[in-house]
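*Asks:* I'd like to ask some things about the structure below.
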Amino acid sequence: MFNGWRLKKGFFLIAALFFAACPAGPSGGAGSAGPQESFADMPTFNIFSDEEIQRDFVRMDFEKPLDRSELGFRLLIPEAWEEVALTVSAEQLARDDENIISLALLKAPDAEVRVEIAYCRVPQTMDLAGWARAYLEGNNLEVLHFQEGTFSKRQVFDTLLKAPEDYRVRMTFSRHGDKIYILSGSAPGALYEEYMKVLGLAAVSFEKS
């Protein structure tokens, strides 16, 4: 099913967005030009210029995914990307404490590059990093790098994974009340460097409604 999103171009306050991206890792001292990347293949700071974002990206605002306004979110995606239809059964949704529920799937028009947003309902006592680590281990996903910090005013556990068939996946976990959201940006290994900035912008710009 499609999730009733709305497009808004040039709507983010770009400076606020990027200054809010503060992962743990190397940081500049006195006289530093600004925050430093923890890993070159996980772009996080000043990923695109304001001009590039205004020209090439749109804000996709999912106000009522799966017909539930409390699941709403938004993020920045290239203007040319498309949404892929999803089907989630009522039974799956009712068991969202046992299943990962996909809310949106977005893809590049000319390559196997995608961004998926999903969630799972978890106990209030569950630690974000602990849950994320258990999820990755349980799915036999190889972690190349990870960082913890704040993206767009939300605490994140941010990872770069090596997935089957030599895919690279930037998987970013954030907690919102009794739910953990997972944003997964994936690309074939041979294309990852070309698309890593786009996937990084999606990870950093994601916000709950």
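The values are calculated or read from the model by the stated rules, or taken from the named source; none is laboratory data. This is a predicted model, so every value here is computed, not measured. Here the Cβ is made from the backbone with ideal geometry for all residues, glycine too, and neighbour counts use every protein chain on show.
*Asks:* Select from the range 154-185 the residues that are polar (S, T, N, Q) and buried (at least 21 other Cβ atoms within 10 Å of the Cβ) and list them in ascending order.
*Replies:* Selection gives T159, T172, S174, S184.
*Asks:* Limited to the range 134-155, what total is found for residues that are in contact with a Ser or Thr (Cβ under 8 Å, 6 or more places away or on another chain), hydrophobic (A, V, I, L, M, F, W, C) and farther than 21 Å from Y167 by Cβ?
*Replies:* Going through the range 134-155 one residue at a time, the tally reaches 1.
*Asks:* Which one is surrounded by the fewest Cβ atoms within 10 Å (Cβ to Cβ), of the residues in the range 186-209 that are farther than 11 Å from M42 by Cα and charged (D, E, K, R)?
*Replies:* E194
*Asks:* Considering only the range 63-71, I want to know if a residue exists there that is within 15 Å of S186 (Cβ to Cβ) and surrounded by 14 or more Cβ atoms within 10 Å (Cβ to Cβ).
*Replies:* So far as the range 63-71 goes, no, none of its residues is within 15 Å of S186 (Cβ to Cβ) and surrounded by 14 or more Cβ atoms within 10 Å (Cβ to Cβ).
*Asks:* I've got another one for you. Could you list, in sequence order, the residues of the range 97-113 that are in contact with a Leu (Cβ under 8 Å, 6 or more places away or on another chain) and either more than 30 Å from M196 (Cα to Cα) or surrounded by fewer than 18 Cβ atoms within 10 Å (Cβ to Cβ) (or both)?
*Replies:* Once the filter is applied, which keeps residues that are in contact with a Leu (Cβ under 8 Å, 6 or more places away or on another chain) and either more than 30 Å from M196 (Cα to Cα) or surrounded by fewer than 18 Cβ atoms within 10 Å (Cβ to Cβ) (or both), the range 97-113 yields L105, A111, E112.
*Asks:* Sticking with this one: Out of all the residues in the range 77-90, is one or more at pLDDT below 70, more than 14 Å from V198 (Cα to Cα), among the charged types (D, E, K, R) and outside any loop (DSSP other than H, G, I, E, B)?
*Replies:* The answer is no; no qualifying residue exists.
*Asks:* Can you tell me which condition R74 does not meet? The list is (1) part of a strand (DSSP E or B); (2) within 20 Å of L191 (Cα to Cα); (3) not small (G, A, S), and all the others hold.
*Replies:* (2)
*Asks:* Let me ask something else. Tell me the strands (runs of 3 or more DSSP E) entirely within the range 92-209 that contain at least 2 residues that are within 22 Å of F62 (Cα to Cα) and not hydrophobic (A, V, I, L, M, F, W, C).
*Replies:* Counting at least 2 such residues, we get 101-107, 114-121, 154-163, 167-176, 179-188.
*Asks:* Taking interchain pairs and intrachain pairs at least six residues apart, which have beta carbon atoms under 9 angstrom, with the first residue in the range 30-53 and on the phi > 0 side of the Ramachandran plot and modelled with pLDDT under 85 and the second assigned to a loop (DSSP other than H, G, I, E, B) and not polar (S, T, N, Q)?
*Replies:* Listed by first residue and then by second, the contacts come to G34/G28; G34/F45.
*Asks:* Now a separate question. Which residue pairs have Cβ atoms closer than 7 Å, lie 6 or more positions apart in sequence or on different chains, and pair a first residue in the range 173-200 that is farther than 16 Å from E148 by Cα with a second residue that is polar (S, T, N, Q)?
*Replies:* The qualifying pairs are D178/Q124.
*Asks:* Regarding A94, is this residue surrounded by fewer than 16 Cβ atoms within 10 Å (Cβ to Cβ), over 17 Å from the mean Cα position of the chain (by Cα) and within 21 Å of L75 (Cβ to Cβ)?
*Replies:* Considered against the rule, which asks whether it is surrounded by fewer than 16 Cβ atoms within 10 Å (Cβ to Cβ), over 17 Å from the mean Cα position of the chain (by Cα) and within 21 Å of L75 (Cβ to Cβ), A94 comes out as no.
*Asks:* Considering only residues that are of a type in the set (A, V, I, L, M, F, W, C), farther than 22 Å from K197 by Cβ and over 15 Å from the mean Cα position of the chain (by Cα), which ones fall in the range 43-70?
*Replies:* Once the filter is applied, which keeps residues that are of a type in the set (A, V, I, L, M, F, W, C), farther than 22 Å from K197 by Cβ and over 15 Å from the mean Cα position of the chain (by Cα), the range 43-70 yields only L66.
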